[in-house]
Amino acid sequence: MSLPGENTTRLGLRSFRAKFVLVVGSAVLFDLLVTGGLALWNVQRLSRDAAAEVGRGLEEANQDYIRSYAATTAARVNLLLNQVHSDVGTLAGVLQEQIDRPVRKSQIGEAMARGAPGTVTVAYDQKGGWAQNLPGPPSVVSVWGYLLDQNHLPLPDVQTDIENSAVLDLVAPSLLANGQSKLQMYYIGPKERPIFRTAPYTDQAQTFDKLYPGHNSAEFWSFFFPGLYESWEQWARDPKSRPVNGDITQTAPYTDAITGKLIVSFFQPLWSRDRSRVLGAAGTDITLDQLAEIVENVKVAETGFGFLTMSDGNVVAINPVGEKVIGLRASNAAASGGVTGLDRSLRRSVQPEIAQLPLGEDGLLKHIFLEENGERVPYLVVLKQLQPTNLWASGPVRREAMLLGIAVPEREIYASLFAAQAGISEATNRILIYQVLALLVSLFFVIAAVFAISKRITGGISALANAAKRIEAKDYSVRVDIPTRDEVGDAGAAFNRMAEEISFHTENLEQLVEDRTKEIEEANLQISALNQQLRSENLRLGAELAVARRIQMMVLPKAGELEEIAELEIAAYMRPADEVGGDYYDVLQDGKRLKIGIGDVTGHGLESGVLMLMVQSVARALQEMGEMEPAQFLNRVNRAIYKNLVRTRTNKHLSLAFLDYDGARLTLSGQHEELIVIRDLERVERIDTLDLGLPIGLEPDISAFVATREISFGRGDMIILHTDGVTEAESGTGELFGIERLCESARCRYGSSAEDVKSGIIEDLMAHIGTQKIHDDITLVVMRHR
């Protein structure tokens with residue numbers, strides 16, 4: 001233990017550190033005097049060289065330029081939007097004038113009915129259940145099924161709206177031909193009579209039938225634009241509730257049902273004469289290309305680019321190069337309101353600093369780093385808000401202020417600054433050369449000083465080295481005597497204490513080994529007990545899996561059951577990838593009617609096997625109840641399985657298809673792998689089931705998705721059912737067995753019995769797999785018409 005006064009003594013002039021500091025400090029002082037003087041002289045010269053290149057306001061001027069560029073581009077986008085607002089306001093003004101002056105409205109409607117009957121006369125479409133005027137007039141008017149009477153004619157108030165809205169034919173062509181380019185202009189009636197009139201004429205209702213099933217029986221506004229009409233009604237009750245002053249309301253970008261293009265719609269609500277109710281809306285569509293053209297043509301320096309984003313970070317316009325630079329990941333996702341929106345968010349950018357940009361600051365200028373080819377490249381980003389607008393995006397109308405962003409590499413915008421920095425770097429290199437020369441002089445001085453005192457210092461170090469060698473030779477009685485009172489002397493004292501401790505531990509080593517041996521033996525006993533417990537648990541789990549596998553195999557169709565089917569030969573093969581598999585097949589017989597099912601649960605193992613047993617049990621129960629109609633049967637299976645999955649909180653589902661055979665017809669329903677039909681050696685037919693159903697367990701009701709298909713199945717024809725464990729089986733080189741190889745294996749055995757065909761295919765499959773591990777359940781069913 002050191003006494004308090006010892007530390008002070010050791011840090012005095014007699015300590016090793018003091019001696020070193022004295023010598024090296026003198027050398028460093030000399031180095032500083034020489035190199036410091038040279039550095040000051042070079043810095044003064046560098047300051048004069050760089051003054052003309054850099055300038056005090058260089059960086060500020062560049063930033064002001066990019067801010068000004070952003071403001072100018074934002075003004076161009078605002079001008080485009082204002083022109084569109086003006087066109088919508090003109091159309092809405094004409095329609096609003098008719099509402100405010102009923103006599104004028106009636107006169108125009110009657111005149112249009114007399115002069116252009118084709119624009120106010122609609123024809124009923126038996127298939128679609130709606131009515132629409134025939135091609136010829138400038139606009140198309142669609143009347144949905146719930147607006148028709150029992151004779152399929154528009155209700156009286158609806159017919160009046162059709163005639164009054166025909167004024168669109170007089171106004172819309174001129175508005176479409178002038179001003180900003182617009183896809184279409186339209187009028188939508190009030191919630192109780194939402195007729196839809198659009199110019200120019202298109203197959204409007206037919207397109208809606210194709211893209212939006214169920215729209216004809218749903219309330220138009222709630223189906224396509226949920227929350228929009230309700231927001232306008234709130235404005236009528238409280239004008240101050242408008243997010244932005246003015247009636248114009250725009251949508252977020254979405255895919256147009258008729259043109260298939262990404263568009264932005266602009267609406268202006270129409271009001272009752274006393275402005276207390278909403279009586280429909282006037283609107284127009286513009287393509288996103290028109291906004292994107294302004295933004296995508298932004299060019300700052302050599303590679304700078306612009307982008308337009310919503311306040312939530314969804315980028316609506318950017319050129320492909322910029323999209324790659326800022327790491328956007330784009331996808332088109334179906335929104336809940338009946339339209340398909342663009343989803344390309346800054347928040348999901350692969351560039352972390354882009355994902356964290358603060359989007360609420362107008363005029364933000366931020367320095368960021370972006371990853372490019374494995375390097376971090378500095379960029380300058382400016383954000384400029386556009387004029388605020390009322391925005392609908394599948395819900396209540398809210399305030400929206402889009403932002404125009406500009407990103408430019410700093411190496412381009414600060415090119416002159418970097419040139420100045422290069423000059424500074426050159427001057428710095430000159431300083432470095434002078435410093436190296438000064439350092440060499442200093443080192444010479446230090447070396448000379450060290451040699452002068454090395455004899456005294458190395459004496460103690462030599463004594464320590466000799467003593468260490470004796471310790472290495474197991475002479476633990478050695479001690480050193482170093483009289484100096486510096487760090488070397490402290491090291492000698494520490495060495496002596498270490499030698500004493502080694503000597504003590506050596507003398508007591510046998511006792512320490514004995515104690516440690518006892519500890520190891522006790523630990524071994526505990527490990528043995530744990531191993532025995534683990535073996536018991538493994539045996540129990542193995543027994544449970546064996547029972548589950550046995551139950552699964554017990555419910556599969558037996559050979560005797562299949563042989564009783566007079567007209568068909570059926571042979572099947574199932575091999576789970578684990579102890580319990582997730583594949584399903586079954587043959588249910590009800591008199592002469594057969595229902596053959598095949599399915600594949602996601603994954604495999606015990607959980608998938610239990611779901612397979614659920615499907616088998618539900619299918620058997622429905623068959624016993626006499627429920628054999630294909631579409632209804634599949635939907636009821638789905639409902640039962642979906643409820644069980646919800647109850648068990650199991651994240652599983654399965655593909656499932658059934659073949660119904662009554663001796664004459666073969667009907668296919670449900671979504672599964674392709675069905676293979678072989679009619680002779682030359683004809684192999686592959687039937688896709690993608691449009692015949694939906695995976696079981698995803699939705700509570702799949703009746704809207706289930707369809708059936710009649711399949712010709714004559715004498716000698718053969719059908720192959722399989723799960724993806726067959727086609728996705730891998731060889732040693734990773735090559736898949738594949739659907740083509742499966743078809744060829746079955747085709748070349750055409751004419752053989754179902755059992756021979758099944759055995760041959762399995763033989764080819766196993767030869768392909770070889771010694772590879774089987775990663776998925778394998779199920780194969782062969783049906784042959786006798």
| Separation of alpha-carbon centers, segment 176-197 and segment 726-786, rounded to whole Å | 59
| note | Counted neighbours (other Cβ, 10 Å), sorted fewest up, put HIS367, HIS85 in the order HIS367, HIS85
| query | Percent relative contact order of segment 597-687, based on C-alpha pairs within less than 8 angstrom and at least six residues apart? | reply | 30
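Taking R0 as 51 Å, what FRET efficiency do you get between SER86 and GLU59 from their Cβ-Cβ distance, rounded to the nearest 0.05? Before the final figure, lay out the partial values.
Numbers: r = 41 Å, r/R0 = 0.80.
For SER86 and GLU59, the calculated efficiency is 0.80.
Express the relative contact order of segment 98-209 as a whole percentage, based on alpha carbon pairs under 8 Å and six or more residues apart in sequence. Provide the component values of the computation, followed by the final result.
Numbers: 172 pairs, mean separation 29.8, N = 112.
Worked out over segment 98-209, it gives 27 percent.
Only sites in a loop by DSSP and with at most 15 other Cβ atoms within 10 Å count here; which GluC sites (Glu not before Pro) in segment 659-740 make the cut? Write down the numbers at each step before the final one.
Values: sites: GLU673, GLU674, GLU682, GLU685, GLU710, GLU728, GLU730, GLU735, GLU740; in loops: GLU673, GLU674, GLU682, GLU728, GLU735.
Loop-located and lightly packed - GLU682, GLU728, GLU735.
To the nearest 0.05, how large is the calculated FRET efficiency for LEU736 and ASP481 if R₀ is 60 Å and r is the Cβ-Cβ distance? Can you show the working numbers first?
On the way: r = 81 Å, r/R0 = 1.36.
That gives a FRET efficiency of 0.15.
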| note | Sorted largest first, the C-alpha extents of segment 602-700 along its principal axes in whole angstrom are 49, 31, 22
| task | Could you tell me whether segment 96-287 comes out rounded, prolate or oblate from its Cα gyration tensor? Rule is a ≥ b ≥ c as square roots of the eigenvalues, rounded for a/c under 1.5, then prolate if a/b exceeds b/c, otherwise oblate. | result | rounded
| Rounded if a/c under 1.5, otherwise prolate or oblate - segment 157-262, Cα gyration tensor axes | rounded
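Under a Cβ-Cβ cut-off of 14 Å, what is the net charge of the residues other than ASP312 that fall near it, where Lys and Arg count +1 and Asp and Glu count -1? Walk me through the intermediate numbers first.
Details: positive: ARG344, ARG347, ARG348, ARG398, ARG399; negative: ASP343, GLU400.
Counting the neighbours of ASP312, the net charge comes to +3.
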| task | Starting from the coordinates of the alpha-carbon atoms of segment 557-785, obtain the Kirkwood hydrodynamic radius over all distinct pairs and give the value in Å to one decimal. | result | 17.8
| task | Would you mind getting me the FRET efficiency between GLU685 and VAL321? Use the beta-carbon distance for r and R0 = 51 Å, nearest 0.05. | result | 0.60
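In whole percent, what relative contact order does segment 290-416 give with Cα contacts below 8 Å and a gap of six or more residues?
Details: 246 pairs, mean separation 31.3, N = 127.
So the answer I get is 25 percent.
Tally Lys and Arg at +1 and Asp and Glu at -1 over the other residues with C-beta under 11 Å from the C-beta of VAL141: what net charge comes out?
Values: positive: ARG197; negative: ASP161, GLU163, ASP169.
Here the count lands on -2.
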| task | Work out the charge dipole of segment 185-330 with +1 on the Cβ of Lys and Arg and -1 on the Cβ of Asp and Glu about the Cα centre, then indicate which of SER276, PHE223, TRP235 is farthest towards its positive end. | result | SER276
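Go through 88-97, 492-501 and give me the packing order, highest mean Cβ count within 10 Å leading.
Details: 88-97: 18.6, 492-501: 14.3.
Highest to lowest by the protection proxy: 88-97, 492-501.
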| Alpha carbon centroid spacing (whole Å) that separates segment 556-624 from segment 207-272 | 50
| field | Cα gyration tensor shape for segment 662-786, rounded if a/c is under 1.5, else prolate or oblate | value | oblate
| task | Report the local net charge at LEU328: Lys and Arg +1, Asp and Glu -1, summed over other residues whose C-beta lies under 12 Å from its C-beta. | result | +3
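Throughout, read-outs are computed from the coordinates displayed, never taken from laboratory work. Computed from a predicted model, the values in this text were never measured in an experiment. In this analysis, Cβ positions are derived from the backbone assuming ideal geometry, glycine residues included, and neighbour counts consider all displayed protein chains.
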